[in-house]
1. Note down all Cβ pairs under 6 Å where the first residue falls in the stretch 57-75 and is farther than 11 Å from ILE15 by Cβ, the second is hydrophobic (A, V, I, L, M, F, W, C), and they're at least six residues apart or on different chains.
2. Within the group GLU50, GLU39, GLU2, which residue is loosely packed, with under 12 Cβ neighbours inside 10 Å and either without any contact (Cβ under 8 Å) to a residue 60 or more places away in the chain or aromatic (Phe, Trp, Tyr) (or both)?
3. Identify, please: which residue in the stretch 12-56 is of a type in the set (Val, Ile, Thr) and in a helix (DSSP H, G or I) and is, among those, farthest from GLU72 (Cα to Cα)?
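Since every read-out is calculated from the coordinates, none of them should be taken as a lab result. Only a predicted model underlies this, so the values are computations on that prediction, with no experimental measurement involved. Methodologically, a virtual Cβ is constructed for each residue, glycine included, from the backbone with ideal geometry; neighbour enumeration extends over all protein chains shown.
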Amino acid sequence: MEKVLEAKESKFVPICLGGERACPPEDVGGAWGYGDFLEAISDPGHEEHEHLVDWADEDFDPERFDMQAVDERLRKLR
């Protein structure tokens, strides 16, 4: 996010200009927990791998960024 402006009546809505990577899952443990999480899900030999893949959802892809989904959420903001 570059900046937040005061809301005014407008026909314009916010849009996403770009981004990288997926948002961390809820309750992953902040920035440090997310790093540990990424390490564990990328290493099938890691003792927490199976548990964390199940917890986060097998479809979780840390490299995926869905600009359309972000724009949909931004349109809902008022």
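1. PRO62/ALA22; PRO62/LEU38; ARG64/ALA22
2. Answer to the check: GLU2.
3. ILE41
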